[in-house]
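Beneath this line is the structure, given in C-alpha coordinates, with notes to follow.
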Amino acid sequence: MAPLASEFPRRLPAEILLERATMARHLIVQMCVERERALAEGGPTFRPTWDATANGLIDAIVALWQAPVTNGT
(Lines give C-alpha, C1' and ligand atoms only; values in the text may rest on other atoms or scores of the structure.)
Protein backbone atom coordinates (compact mmCIF):
# COMPACT_ATOMS: atom_id res chain seq x y z
CA MET A 1 0.00 0.00 0.00
CA ALA A 2 2.89 2.39 0.57
CA PRO A 3 3.71 2.76 -3.15
CA LEU A 4 0.15 3.84 -3.97
CA ALA A 5 -0.02 6.17 -1.00
CA SER A 6 3.35 7.73 -1.72
CA GLU A 7 3.28 7.92 -5.54
CA PHE A 8 -0.25 8.35 -6.79
CA PRO A 9 -1.24 11.77 -5.41
CA ARG A 10 1.92 13.36 -6.79
CA ARG A 11 0.87 12.48 -10.33
CA LEU A 12 -2.25 14.67 -10.11
CA PRO A 13 -2.22 18.45 -10.52
CA ALA A 14 -2.96 20.39 -7.32
CA GLU A 15 -6.35 21.62 -8.55
CA ILE A 16 -7.41 18.05 -9.35
CA LEU A 17 -6.26 16.86 -5.92
CA LEU A 18 -8.39 19.53 -4.27
CA GLU A 19 -11.40 18.77 -6.45
CA ARG A 20 -11.21 15.02 -5.83
CA ALA A 21 -10.65 15.47 -2.10
CA THR A 22 -13.84 17.54 -2.02
CA MET A 23 -15.69 14.87 -4.01
CA ALA A 24 -14.47 12.15 -1.65
CA ARG A 25 -15.56 14.16 1.39
CA HIS A 26 -19.04 14.63 -0.06
CA LEU A 27 -19.28 10.95 -0.94
CA ILE A 28 -18.36 9.90 2.59
CA VAL A 29 -20.77 12.31 4.25
CA GLN A 30 -23.68 11.64 1.90
CA MET A 31 -23.42 7.85 2.10
CA CYS A 32 -23.29 8.00 5.90
CA VAL A 33 -26.32 10.30 5.94
CA GLU A 34 -28.26 7.99 3.63
CA ARG A 35 -27.41 4.94 5.73
CA GLU A 36 -28.34 6.67 8.99
CA ARG A 37 -31.63 7.86 7.48
CA ALA A 38 -32.49 4.37 6.25
CA LEU A 39 -31.65 2.84 9.63
CA ALA A 40 -33.70 5.46 11.50
CA GLU A 41 -36.69 4.89 9.22
CA GLY A 42 -36.35 1.10 9.25
CA GLY A 43 -35.73 1.10 5.51
CA PRO A 44 -33.31 -0.90 3.40
CA THR A 45 -29.63 -0.03 3.22
CA PHE A 46 -27.25 -0.61 0.34
CA ARG A 47 -25.00 -2.78 2.49
CA PRO A 48 -25.84 -4.87 5.56
CA THR A 49 -23.28 -3.43 8.02
CA TRP A 50 -21.21 -0.33 8.65
CA ASP A 51 -18.08 -2.36 7.83
CA ALA A 52 -19.55 -3.30 4.47
CA THR A 53 -20.55 0.34 3.90
CA ALA A 54 -16.97 1.41 4.63
CA ASN A 55 -15.67 -1.15 2.15
CA GLY A 56 -17.99 0.20 -0.53
CA LEU A 57 -16.82 3.74 0.19
CA ILE A 58 -13.19 2.67 -0.01
CA ASP A 59 -13.80 1.05 -3.41
CA ALA A 60 -15.55 4.17 -4.72
CA ILE A 61 -12.94 6.58 -3.39
CA VAL A 62 -10.03 4.54 -4.78
CA ALA A 63 -11.77 4.60 -8.17
CA LEU A 64 -12.26 8.37 -7.86
CA TRP A 65 -8.58 8.96 -7.12
CA GLN A 66 -7.42 6.63 -9.88
CA ALA A 67 -9.70 8.00 -12.59
CA PRO A 68 -7.89 9.64 -15.51
CA VAL A 69 -7.88 13.40 -15.73
CA THR A 70 -9.83 14.68 -18.71
CA ASN A 71 -8.84 18.13 -19.86
CA GLY A 72 -11.62 20.22 -21.25
CA THR A 73 -14.06 22.96 -20.51
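Within region 18-69, work out how many residues are in a helix (DSSP H, G or I) and open to solvent by 50 Å² or more (accessible area, probe 1.4 Å).
Of the residues in region 18-69, the ones in a helix (DSSP H, G or I) are 18-41, 50-66.
From what is left, the residues that are open to solvent by 50 Å² or more (accessible area, probe 1.4 Å) are 18-19, 23, 25-31, 33-34, 36-37, 39-41, 50-51, 55, 58-59, 62-63, 65-66.
Summing the residues that are in a helix (DSSP H, G or I) and open to solvent by 50 Å² or more (accessible area, probe 1.4 Å) in region 18-69 gives 26.
Checked against the criterion of being at pLDDT 90 or above and of a type in the set (Lys, Arg), region 27-36 has at least one qualifying residue.
The values are calculated or read from the model by the stated rules, or taken from the named source; none is laboratory data. The structure displayed is predicted, hence computed values, not measured ones. Side chains included, ligands, DNA and RNA excluded: accessible areas come from the protein's heavy atoms. Shrake-Rupley method; radii C 1.70, N 1.55, O 1.52, S 1.80 Å.
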